Amino acid sequence: MAANRVIVYGGKGALGSTCVQHFKSKGWWVASVDIAANEEANGNVIVKLTESFTEQAGQVTADVAQLLGENKVDAILCVAGGWAGGNCGSKDFFKNSDLMWKQSVWTSTISSHIAARHLKPGGLLTLAGAKAAQSGTGGMVGYGMAKAAIHQLCQSLAAKNSGMPAGAAAVAILPVTLDTPMNRKFMPDADYSSWTPLEYIAEMFFGWATGKDRPASGSLMQLLTSGGETQAVAAQ
């Protein structure tokens, strides 16, 4: 029986799958939460697509509780998300903004409630923000709003009376571009040496989950990659 447990929200995506593999390789029990199962995970919660946030939140929360039973987890990694562009005049502005709320804000909000209920004291919750959302994002307004909300949520979870377990930390990562197959497909001529490798993030998460170099709760950690080298730097 694995002593350590982790939930990967978005566990079927590119970063999520890498996290599932990495934690499994370290002997952890891993659960994936996503719209499709990750066969490598020890357990899966399948998210049902719905237009109602409260409906989806209730379904995921109930299914996670059923999967875990009395067991608490050491870490919850919310790596769900996506990208959609568009300014406020775009024909897809509302549709893309709605998609960004669903992929980023819904998932992060649900993850924080799961943390309140199932994370061990001293545990780790990670959230997925974006460096771009620290300032205006004219050509991707919905994306910028959604990611800025994640930054605010992270800081709220670190505040007094947040509902987080004692000693637990909420930390957001603020990447620029992740080196995913999808990004390579859509940006074939980009400089990949400035993209952050998924393995770097999975390894960093594992370190934080085991107490190594874990930032203070509420930290917004920018992932800065140049020449194939990545640094995690706290946003000021």
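Working only within region 157-197, note down all residues that are polar (S, T, N, Q), farther than 21 Å from Ala216 by Cα and surrounded by 13 or more Cβ atoms within 10 Å (Cβ to Cβ).
First, the residues of region 157-197 that are polar (S, T, N, Q): 161-162, 177, 180, 183, 193-194, 196.
Subset that is farther than 21 Å from Ala216 by Cα: 177, 180, 183, 193-194, 196.
Of everything in region 157-197, those that are polar (S, T, N, Q), farther than 21 Å from Ala216 by Cα and surrounded by 13 or more Cβ atoms within 10 Å (Cβ to Cβ) turn out to be Thr177, Thr180, Asn183, Ser194, Thr196.
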message: So Tyr192 ticks every box in (1) modelled with pLDDT under 95; (2) within 23 Å of Ala148 (Cβ to Cβ) but one. Which box is left unticked?
response: (2)
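For a quick check of your reading: which helices (runs of 4 or more DSSP H) sit entirely within region 5-116 and have at least 3 residues that are without any contact (Cβ under 8 Å) to a residue 40 or more places away in the chain? Before you say what the answer is, go through the steps one by one.
On the way: elements: 14-25, 53-68, 93-100.
So the answer is 14-25, 53-68.
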- line: Of the residues in region 22-80, those that are in contact with a His (Cβ under 8 Å, 6 or more places away or on another chain) and open to solvent by 70 Å² or more (accessible area, probe 1.4 Å) come to Lys72
- prompt: Out of region 198-211, which residues are over 19 Å from Tyr9 (Cβ atoms) and either among the aliphatic types (A, V, I, L, M) or modelled with pLDDT under 95 (or both)?
  reply: Gly211
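Taking the residues in region 86-111 that are open to solvent by 20 Å² or more (accessible area, probe 1.4 Å) and of a type in the set (Gly, Ala, Ser) as candidates, determine which candidate is farthest from Gly43 (Cα to Cα).
To start, the set of residues in region 86-111 that are open to solvent by 20 Å² or more (accessible area, probe 1.4 Å) comprises 87-96, 98-99, 101-103, 105-106, 109.
Checking which are of a type in the set (Gly, Ala, Ser) leaves us with 89-90.
Working: Gly89: 43, Ser90: 40 Å.
Among those that are open to solvent by 20 Å² or more (accessible area, probe 1.4 Å) and of a type in the set (Gly, Ala, Ser), it is Gly89.
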- request: Taking Gly167 as the residue in question, decide whether it is in a loop (DSSP other than H, G, I, E, B) and in contact (Cβ under 8 Å) with a residue 12 or more places away in the chain.
  value: yes
query: What tally of residues in region 117-140 results from selecting those that are open to solvent by 20 Å² or more (accessible area, probe 1.4 Å) and in a strand (DSSP E or B)?
result: 4
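The values are calculated or read from the model by the stated rules, or taken from the named source; none is laboratory data. For clarity, every value in this text was computed on a predicted model and none was experimentally measured. Quick reminder, even Gly has a Cβ in these numbers, built from the backbone with ideal geometry, and neighbours come from all protein chains shown. Ligands, DNA and RNA are excluded from the accessible area calculation, which covers all protein heavy atoms including side chains. Shrake-Rupley method; radii C 1.70, N 1.55, O 1.52, S 1.80 Å.
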